[in-house]
Each structure stands twice: as C-alpha cells, then as structure tokens.
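The values are calculated or read from the model by the stated rules, or taken from the named source; none is laboratory data. Model, not experiment: these values are computed from the prediction. Note: ideal-geometry Cβ built from the backbone for every residue, glycine included; neighbour counts use all protein chains shown. Keep in mind that these areas ignore ligands, DNA and RNA; they rest on the heavy atoms of the full protein, side chains included. Shrake-Rupley method; radii C 1.70, N 1.55, O 1.52, S 1.80 Å.
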Amino acid sequence: GNSVTQMEGPVTLSEEAFLTINCTYTATGYPSLFWYVQYPGEGLQLLLKATKADDKGSNKGFEATYRKETTSFHLEKGSVQVSDSAVYFCALKLTGGGNKLTFGTGTQLKVEL
Amino acid sequence: GAVVSQHPSRVICKSGTSVKIECRSLDFQATTMFWYRQFPKQSLMLMATSNEGSKATYEQGVEKDKFLINHASLTLSTLTVTSAHPEDSSFYICSATGTGAQNEKLFFGSGTQLSVL
C-alpha cells in the first residue's frame, strides 16, 4: 500500500539554523508529493508540492526535491525563524486519486531565539 | 484565501455519550469534505469522504454506524462519534475542496481533540 514516513519530532533548533525534515514514501505508481504546515490553532496549509521526479517545490524559503531514486521528499530551509515553529506534514497523492492524500505522522518544529 | 472552520477545538466527554464535530466552509462551496483521524505518534488517517447530498464513503476499518457523517449542505459537514469510548480519543481533522478556484485544493480545519473518559 501507500505510506509516508517522516522523522519523529520534536525538532528543536536555534534561530538561523539549517533545517532538514526527512520524508520517504512508498507508493504504487507515480505520486505527487506535498508538504503541509500547521501553525498553532490553525488548519493545515499547503507549503509546497512537486508533481514529478526531480521537481523542486519551494515556498517561504523552504524547499523539497522529489527524488524518485531514493523515494524521498526531504524538507529543507537554510535559516529558520521563530515564526517557522509549527507541525510539518509530508503527504502523497496518487494520480487519479482525486484529493485523497496519504499523510505522514507530522514533525513538530520548535525554533528558539 | 478559503477558510474552513472546525468546532469544537477540544472536547471531553464521558464514555457512552455522543459527540458532534462541525466543519464549515466559510467562503466557498465545499462539494467534497474529508474526515481524518490521528492517534498519538501515528499518521493522519483518512476516515471517510463525503460529497454534498450523498452518503459518505468510508475507508476500510472505519465503522460507519459509529462515525456518522452528514454533509447536507455545501457549507457544512458534521462528524458524530456515537457511544464514544476511550479508544475513540483522538485528534480529528476535516478538510474540504470545492469547485472552480477551490477545486484541486484542500482546505483544512484546525482540528478537534477528543478525549473520552
């Protein structure tokens, strides 16, 4: 079946540190890959996405590259801010699957001054 | 942007009682709504998909008589956990997608933490 595996949190970083949150997937076919972010008290929001191999999604300084050979979609940011503190969810969607997403467990990020 | 409002954000109830969770699309017509559940340290799992005016489609292993979903209007879907038990304690999240500009995009509620005593 389809699944998404994320690194366990919480991840605690100092401001301006480099961030990596690992995400790997298992899927039948060729999925689209997503990162969602949930800020405290809010709903999940789409952060970035990639729809095919070697695509790079980017938004708000975050990047993730769709690596088919390693079935990975790791989230990175060069310099995190306190305002980036949130829970980050990796997800996949199969082609023809409508809006049905398969999520990972979510990784909580805490950024401290 | 489009907003989905979910209430309550937190609810504590006694075992055997029923709990209703509401999910409203505030500025668009939600033709399809999804209900997810997340147990601690586990993935966000899809429970069911509901289309306005139709019966919900439940994922394998989800009891439809226990988790009643109503999507009677284009702006409101409800999830009722009937005869709740401690093992139903979980985080429940709804999401919605609409037509036109809201199609192909998912908008999420902020979630409901259910604790059954």
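Structural remarks
- The Rg/Rh ratio of segment A:13-113, with both radii computed over alpha carbons and Rh defined as the Kirkwood radius, is 0.97.
- Here the Karplus curve 6.51 cos²θ - 1.76 cosθ + 1.60, taken at θ = phi - 60°, turns the phi angles of segment A:77-92 into couplings of 8, x, 8, 7, 10, 4, 5, 7, 4, 5, 9, 10, 10, 8, 8, 10 Hz, with x standing for Gly and Pro.
- Legend note: in chain B, cysteines whose Cβ sits 4.7 Å or more from every other cysteine Cβ are B:Cys13.
- Spacing of the two label points (7 Å from each Cα toward its C-beta) at A:Lys60 and A:Leu13, in nm: 1.3
- Within chain B, longest stretch clear of exposed trypsin sites (Lys or Arg not before Pro) (DSSP loop, no more than 10 other Cβ within 10 Å): B:42-117
- Excluding ligands, DNA and RNA, the accessible surface per residue across the protein assembly as shown is 49 Å² with a 1.4 Å probe.
- Taking every DSSP beta bridge that has both ends in chain A, the antiparallel portion is near 90%.
- Shown here: segment B:36-114, whose C-alpha atoms stretch 40, 26, 20 Å along the first, second and third principal axes, sorted largest to smallest.
- Using the Cβ-Cβ distance between B:Cys13 and A:Asn2 with R0 set to 35 Å, the FRET efficiency works out to roughly 0.60.
- Projecting label points 7 angstrom from Cα along Cα→Cβ for B:Ser73 and A:Tyr39 puts them 2.9 nm apart.
- Amide N of segment A:1-41 lying under 11 Å from the label point, which is placed 7 angstrom from the Cα of A:Thr70 along Cα→Cβ: A:22-24
- Annotation for segment A:1-99: chymotrypsin sites (Phe, Trp or Tyr not before Pro) lying in DSSP loop with at most 12 further Cβ atoms inside 10 Å of their Cβ are A:Phe18.
- Of the GluC sites (Glu not before Pro) found in segment A:67-113, the ones in coil according to DSSP and having at most 12 other Cβ atoms within 10 Å of their Cβ are A:Glu69.
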